[in-house]
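What follows is a single structure, written as structure tokens, with notes after it.
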Amino acid sequence: MTLICSNPSNSLNGSITVPGDKSISHRALMIGTLAIGETIIHGLLESEDVKATIKAMRQLGADIRQTDGPDGNLWHIFGRGIGGIVEPNNVLDLGNSGTAARLIIGIIASHNITATIIGDPSLSSRPMQRVLDPLRNIGAQFVVRAGDKLPITISGTNQALPNNITLKVASAQVKSAVLLAGLNAPGHTVLIEPRPSRDHTERMLSYFGAKLSTEDIGNGSRKITLVGQPELTGRKIIVPGDISSAAFLIVGALITPGSNLKIKNVGINPLRTGLLDSLKEMGANLKILKVRENSSEQVADIQIKYKQLKGITIPATRVPSMIDEYPILSIAASVAQGTSVFKGVGELRVKESDRLTAMAEGLKSCGVMTKTTTNSLTIVGTGGDPIDGGATIASRLDHRIAMSYLILGLVSKNPITIDDGDPIETSFPGFINLMNQLGANMELK
């Protein structure tokens, strides 16, 4: 456990990049494993979560190598093809990564192999039922703990049935698990989600050669149809900077007086930009520059300058486009003028930690008024006055909770300490050094 203290800070200034997108990195490794030929990945996020996926894909038979490139490491995957993964000799340890666990469960479910997935205490506390139920429909079998929690032993089927499912809750991880399972099933896998969630899996599958279509069918719902048993072909992938990681720097610059920051090469997938929309509604001085496309994903530079924010009400319909950004948005709301209300955020209770409770209780300990219901969070901003701070916050094995409170420490009267900063390595290696280079004052204790 590493104590980290965030002290009141000067402005944040500079032009930087952030580590590669975690969601895209996971999917590139997995789909590259299911493709024929070589996939070359530029800008892969080399975090603990992604390293766990690399190890798991190797255990499932992929040949994955790292070489030096002109702008950082290159990762080469020599895939097995759909239907070609092998039974692992040992358990697959996915550490803290819910994305890796759920998507790999989907891959294995439609292959005639048996594998056991384990994780750290945080991942092992997270329910998997929403993923397992649709995969049972295709013929996979599971041995699980009470509550459908890890460890999970998967017995994949040798005659996968195409799935036809309507999700009750929009979830990119559940959707992706079903689609990845559907790759090795004959016929059409059809999935309807109540509102669009991040579509990295659909984009990447199409990029690799899968036949996949999406259709808006009214009331905000979307129908996705995948033709099973395609031949995927290895591709070159350029992973953009992770907007979920950039979010901490964006909010840090917006709330720290005098800041002027540019973040280059950030992924701005239209289904991931709910945070940017919300910050703009709060009055943020934020510009999207040089929009372009790389490897089927939209990329841009983001210019951020300090500006006093105002409280807003965020509807439940925005949750799928910013589910990971609510912790850092809570920090922005805490120093805004007026009250902010986040609706429909009950899903935060089953992330790496109970993020709804973590934000409400942590902000209260720092002097901010909050209120929660089962499915909402209300934050009364200070109107730009410094937060009292002075608290030691439990990170709860959650990287986003840890980084959010370190950002709050920039504008607090008294330092804010995180009891364990180690989880930050799961998504944002080098976070403390980068923040200090920009003007922050964070120190290891």
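Screening E193, E215, E202 for residues that are farther than 26 Å from I424 by Cβ, without any contact (Cβ under 8 Å) to a residue 24 or more places away in the chain, surrounded by 21 or more Cβ atoms within 10 Å (Cβ to Cβ) and of a type outside the set (A, V, I, L, M, F, W, C) leaves exactly one candidate, E202. In the range 416-445, the residue that is farthest from the chain's Cα centre (by Cα) out of those that are assigned to a helix (DSSP H, G or I) and among the hydrophobic types (A, V, I, L, M, F, W, C) is L438. For the range 76-101, the set of residues classified as over 13 Å from I31 (Cβ atoms) and in contact with a strand residue (DSSP E or B) (Cβ under 7 Å, 6 or more places away or on another chain) consists of H76, F78, E87, P88, V91, L92, D93, L94, A101, listed by residue number.
Residue pairs whose Cβ atoms lie under 9 Å apart, separated by 6 or more positions or on different chains, with the first residue in the range 49-64 and free of Cβ contacts under 8 Å to residues at least 12 places away in the same chain and the second among the hydrophobic types (A, V, I, L, M, F, W, C) and assigned to a strand (DSSP E or B), are R58/I64.
Looking across the range 355-402 at every residue that is under 23 Å from A246 (Cβ atoms) and among the charged types (D, E, K, R), the one that is nearest to the chain's Cα centre (by Cα) is identified as R400.
Any idea which residue in the range 1-21 is farthest from S259 (Cα to Cα), counting only those that are outside any strand (DSSP E or B) and touching a Phe, Trp or Tyr at 6+ places or on another chain (Cβ under 9 Å)? Reasoning before the result, please.
The initial filter retains those residues of the range 1-21 that are outside any strand (DSSP E or B), namely 1-3, 8-12, 18-19, 21.
Applying the additional criterion that residues be touching a Phe, Trp or Tyr at 6+ places or on another chain (Cβ under 9 Å) yields 11-12, 18-19.
On the way: S11: 5, L12: 5, V18: 17, P19: 21 Å.
Per the criteria, the residue is P19.
So which of G81, G32 is surrounded by fewer than 24 Cβ atoms within 10 Å (Cβ to Cβ) and either outside any strand (DSSP E or B) or in contact with a helix residue (DSSP H, G or I) (Cβ under 6 Å, 6 or more places away or on another chain) (or both)? Criteria check complete, one pass: G81. Condition test on R222, is it in the same structural domain as A170 (by TED's automatic domain parsing), surrounded by 17 or more Cβ atoms within 10 Å (Cβ to Cβ), within 15 Å of R27 (Cα to Cα) and basic (K, R)? Taking the combined requirement at face value, the residue does not satisfy it.
The values are calculated or read from the model by the stated rules, or taken from the named source; none is laboratory data. Predicted model only: the values in this text are computed from it and were never measured. With ideal geometry, Cβ positions are generated from the backbone for all residues, glycine too; neighbour counts draw on all protein chains shown.
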